[in-house]
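Below you'll find the structure, written out as structure tokens, and then a few comments.
What follows is calculated from the coordinates using simple rules that are stated; it is not laboratory data. Small disclaimer: the values here were computed from a predicted structure and weren't measured. Note: ideal-geometry Cβ built from the backbone for every residue, glycine included; neighbour counts use all protein chains shown.
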Amino acid sequence: MADGTIGLWTVPLAVFGGAIRVSTPFLFVSLGECITERSGRINLGLEGTLVMGAMSAYGISYLTGSPWLGVLAAGITGALLGALHAGICSLPRVNDVAVGIALMLFGTGLAFYLGKPLIEPTAPRLPAIDFGWWSDISQVRAALRVNVLFLIGVALAPILYWAFRTTRWGLLIRTAGESSDAARAMGHSVLLIRLRATMVGGFLAGIGGSFLSLFYPGSWNEGLSSGQGITAVALVNAVILHSVLEFTKCTILPTSLVVKFRVPAVRVKVVVVRL
Amino acid sequence: MTSEVADPAEVAAISPAADPGFLQRYGGTIEYILIPGAALIGALGVFGIFVALFGKNPLDLYFYMYQGAFGTWFSWQNTLTRAAPLILTALCTALPAQLGMVIIGGEGALLIGALAATGAALMMQSAPPLVVQLAMVGAGMAGGGLWIMLAGGLRQYRGVNETISSLLLVYIALAILNHLVEGMMRDPASLNKPSTREIGAANMIGSIPGTDVHWGLVFGVIAAIASYILIYHTVFGFAARVAGGNIRAAKIVGLSVGKLILTICFLAGASAGLAGMVEVAAVQGRTNANLAAGYGFTGILVAFLARQNPLAVIPVAILLGGISASGGLLQRRLGLPDASVQVLQGIIFVFVLASDALYGRIGFLKGKS
């Protein structure tokens with residue numbers, strides 16, 4: 001791994017650069033799930049949403065030539081899947097966790113079905129901002145090529161934290177999650193609040209998927225996600241719905257994932273440590 | 001299915017005003033067949049529309065699905081071969097469901113069971129086949145059982161959501177499998193597809209005489225019947241159902257819920273581990289990434305469609321085995337992608353869950369009360 005130019009510094013640099021690259025989908029899915037869970041539902045289907053988002057972003061980006069339209073399409077797809085989840089869960093006596101499992105199967109299946117013709121072609125990818133312009137060393141430049149989506153996600157975490165505490169919508173979502181009776185007594189429809197929260201959550205998770213197919217690894221195939229959506233949902237449960245912590249976890253966990261990539265002999269995922 | 005017959009009958013016997021009419025006696029059972037059946041038909045209808053959007057004739061679709069699943073003796077055998085692991089992995093979800101737990105990690109237990117069974121067979125190559133096969137069964141069940149017990153233990157002692165942890169364990173199991181198959185246990189002769197060494201033709205469990213269906217189907221049916229007896233006709237099963245219905249009540253009457261959870265999780269995982277052993281000893285002959293064929297995930301659907309009843313798991317597994325068996329024919333004749341079976345399964349799953357809202361609401365089944 002050491003190739004002379006910066007010696008051992010390659011390792012932490014590669015881990016840091018890799019963490020930024022790998023963490024973005026986790027970040028978006030976790031933030032989305034955070035909103036959904038605050039409103040009182042668990043959406044396990046975000047795994048399927050992530051894969052559907054990746055597929056639709058790649059498809060739209062390939063067809064229109066604009067990766068940002070792809071990101072938007074991924075978000076809309078995610079919001080629609082979120083609406084499906086919320087709609088089914090609104091029926092009496094339907095278990096939200098089970099519906100999530102069903103939508104996970106459905107979403108991944110549908111993405112593989114519709115994505116078959118997309119494995120071959122190459123779609124335009126999202127641009128990256130070059131924060132390493134000051135350096136001559138190629139590794140440094142490579143590590144500091146940061147995608148805009150990552151920055152948006154980073155900004156979104158504290159914004160959500162603030163929104164949950166102070167805005168009307170944030171309080172409403174929390175009321176629906178913590179005491180649905182109170183929300184009903186205030187004259188709000190809990191089902192409607194949850195529908196919106198799940199749709200926003202799905203929108204964010206879809207955008208996380210678009211990052212997978214449009215930036216890193218940057219292609220569409222059926223092994224693209226392999227459980228990242230579920231890992232992100234587990235993360236949310238691990239940090240007890242705290243959106244600032246969310247951000248730190250979302251970068252620490254992928255760091256361990258990246259270590260996995262760098263040391264190919266150790267293939268066992270580090271996920272369980274974080275549980 | 002007799003249990004569902006028993007429940008409404010008991011209710012009818014207890015409530016004094018009840019009229020012991022046909023609907024009161026069997027209304028529950030009819031409901032348990034009618035509603036999932038209607039959900040299945042609705043899902044097939046939606047899938048037909050979906051396929052029609054891509055310019056295929058839905059009637060062709062249904063015809064080839066029937067042909068591929070139950071049309072000929074050949075397809076029946078294919079269906080039954082696929083049903084065998086489905087029965088076993090469905091039990092991995094259905095047994096913990098009696099305790100109110102949603103375990104969806106059957107795929108992981110299947111992989112670990114397969115690895116353990118292969119390991120056992122490779123370690124005792126010189127032993128007589130029957131001994132090797134028994135060791136494989138033992139190792140597969142122990143491996144799978146401990147794997148799901150891990151999820152149960154995390155839930156009991158650490159408060160970790162068992163649904164998510166069991167699903168994450170699937171990916172860990174897959175990683176362990178890849179790690180061992182590409183490393184320690186790799187057969188140097190397997191170049192393109194890393195695999196373990198073969199367990200040997202003599203140690204394979206073979207087919208039921210007169211068919212191409214392997215003995216795994218019999219294992220599955222026995223396991224399902226044994227689970228049914230365990231859940232509905234033993235004290236242990238009753239305790240499990242009490243704990244599943246009301247965990248506080250179970251604690252008050254002195255049931256050790258922790259022990260129940262761990263035991264049921266072990267049995268559930270053992271069943272999926274047995275599925276892995278069967279796949280190795282009857283189909284693949286070795287362990288490699290082919291084993292992660294999604295039987296564990298389809299098993300979840302089977303369990304939900306069977307409403308977590310171990311006996312109903314058998315016919316439902318055959319039905320879904322048929323759907324997956326017809327996938328090849330759909331690919332060849334209609335040019336549908338191989339993921340179409342997965343889409344259909346997802347639609348069925350969504351419909352089945354949404355149909356939960358219908359129970360007790362169908363007018364003519366309610367009787368007069």
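Mind listing the phi-derived Karplus ³J(HN,Hα) values for the stretch B:43-60, rounded to whole Hz, using 6.51, -1.76 and 1.60 with θ = phi - 60°, and x for any glycine or proline?
5, 4, x, 5, 5, x, 5, 4, 5, 5, 4, 9, x, 9, 7, x, 5, 4
Just to be sure I understand the model, the point goes 7 Å from the Cα along the line to the Cβ. What's the resulting B:ARG248 to A:SER135 distance in nm?
About 5.8 nm separates the two model spin labels.
Please compute the Kirkwood hydrodynamic radius over the protein assembly as shown, one decimal place, Å, based on all pairs of different Cα atoms. Could you put the intermediate results ahead of the total?
Details: mean 1/r = 0.0385 Å⁻¹.
In the protein assembly as shown this quantity evaluates to 26.0 Å.
Exposure proxy check: B:LYS251, B:LYS56 ranked by fewest other beta carbons within 10 Å? Walk me through the intermediate numbers first.
Working: B:LYS251 12, B:LYS56 18.
Lowest count first: B:LYS251, B:LYS56.
Going by a ≥ b ≥ c, the root eigenvalues of the Cα gyration tensor, does the stretch A:82-228 fall in the rounded group (a/c under 1.5), the prolate group (a/b larger than b/c) or the oblate group? Write down the numbers at each step before the final one.
Values: a/c = 3.72, a/b = 1.49, b/c = 2.49.
In terms of gyration-tensor shape, oblate.
When only alpha-carbon atoms are used, what values of Rg and Dmax, in angstrom, describe the stretch B:142-230?
Rg and Dmax of the stretch B:142-230, Cα atoms, are 17.9, 51 Å.
Taking N as the number of residues in the stretch A:34-106, what value does Rg over Cα atoms divided by 2.2 N^0.38 Å take?
Working: Rg = 13.5 Å, N = 73, 2.2 N^0.38 = 11.2 Å.
Ratio of Rg to 2.2 N^0.38 Å for the stretch A:34-106: 1.20.
Given points 7 Å out from each Cα along the Cα-Cβ axis, report the B:VAL218 to B:MET124 separation in nanometres with one decimal.
Going by the 7 Å Cα→Cβ label model, 2.0 nm.
At a Förster distance of 60 Å, what's the computed FRET efficiency of A:ASN95 paired with A:ALA142, Cβ-Cβ distance as r, to 0.05? Don't jump to the answer; show the numbers that get you there.
Numbers: r = 46 Å, r/R0 = 0.76.
So the FRET efficiency works out to roughly 0.85.
Can you tell which of B:GLY37, B:GLY143, B:GLY113 shows the greatest fluctuation in a Gaussian network model of chain B with Cα springs below 10 Å?
Largest GNM mean-square fluctuation: B:GLY37.
Normalized C-alpha radius of gyration of the stretch A:29-150, against 2.2 N^0.38 Å? Can you show the working numbers first?
Values: Rg = 17.6 Å, N = 122, 2.2 N^0.38 = 13.7 Å.
Against the empirical 2.2 N^0.38 Å value, I get 1.29 for the stretch A:29-150.
Can you run phi through the Karplus equation (6.51, -1.76, 1.60; θ = phi - 60°) for the stretch A:199-206 and list ³J(HN,Hα) in whole Hz, with x for Gly and Pro?
5, 4, x, x, 4, 5, 5, x
Per the Kirkwood formula on distinct C-alpha pairs, the Rh of the stretch A:27-69 is how many angstrom? Don't skip to the answer; put the middle values down first.
Values: mean 1/r = 0.0864 Å⁻¹.
Here the Kirkwood hydrodynamic radius works out to 11.6 Å.
Based on the alpha-carbon gyration tensor of chain B, what equivalent-ellipsoid semi-axes (square roots of 5 times the eigenvalues) come out, in whole Å, largest first? Don't skip to the answer; put the middle values down first.
Numbers: eigenvalues 242, 158, 66 Å².
Value: 35, 28, 18 Å, ordered largest first.
Exposure proxy check: A:THR49, A:THR167, B:THR118 ranked by fewest other beta carbons within 10 Å? Don't skip to the end; give the middle numbers.
Working: A:THR49 38, A:THR167 12, B:THR118 31.
By the 10 Å Cβ count, ascending, the order reads A:THR167, B:THR118, A:THR49.
Expressed in nm to one decimal, what extension gain is obtained for the pair B:PHE74 and B:ARG241 from 0.36 nm per residue of sequence separation less their Cα-Cα distance? All intermediate terms of the calculation are to be shown ahead of the outcome.
On the way: separation 167, 0.36 × 167 = 60.12 nm, distance 4.04 nm.
Computed gain between B:PHE74 and B:ARG241 is 56.1 nm.
Looking only at other chains, what is the average number of their beta-carbon atoms within 10 angstrom of each beta-carbon in B:49-56? Please list the in-between numbers first.
Values: counts 0, 2, 1, 0, 0, 2, 0, 0.
For this peptide, the per-residue mean of nearby foreign Cβ atoms is 1.
Which residues in the stretch B:121-150 place their backbone N less than 19 Å from a point set 7 Å from the Cα of B:ALA202 along the Cα-to-Cβ direction?
Hits in the stretch B:121-150 for B:ALA202 at 19 Å: B:121-137.
Quick one: B:TYR228, B:TYR64, fewest Cβ neighbours within 10 Å first, how do they rank?
Details: B:TYR228 22, B:TYR64 19.
Listing B:TYR228, B:TYR64 from fewest to most nearby Cβ atoms yields B:TYR64, B:TYR228.
Can you tell me the relative contact order of chain B? Whole percent, Cα pairs under 8 Å, sequence separation 6 or more. Intermediate values should be presented prior to the final figure.
Details: 626 pairs, mean separation 120.7, N = 369.
After rounding, I find 33 percent.
Rounded to a whole number, what is D in µm²/s for the stretch A:76-130 from Stokes-Einstein with the Kirkwood radius over alpha-carbon pairs (25 °C, 0.890 mPa s)? List each step's numbers first, then the result.
Values: Rh = 13.6 Å.
Value of D from the Cα-based Kirkwood radius: 180 µm²/s.
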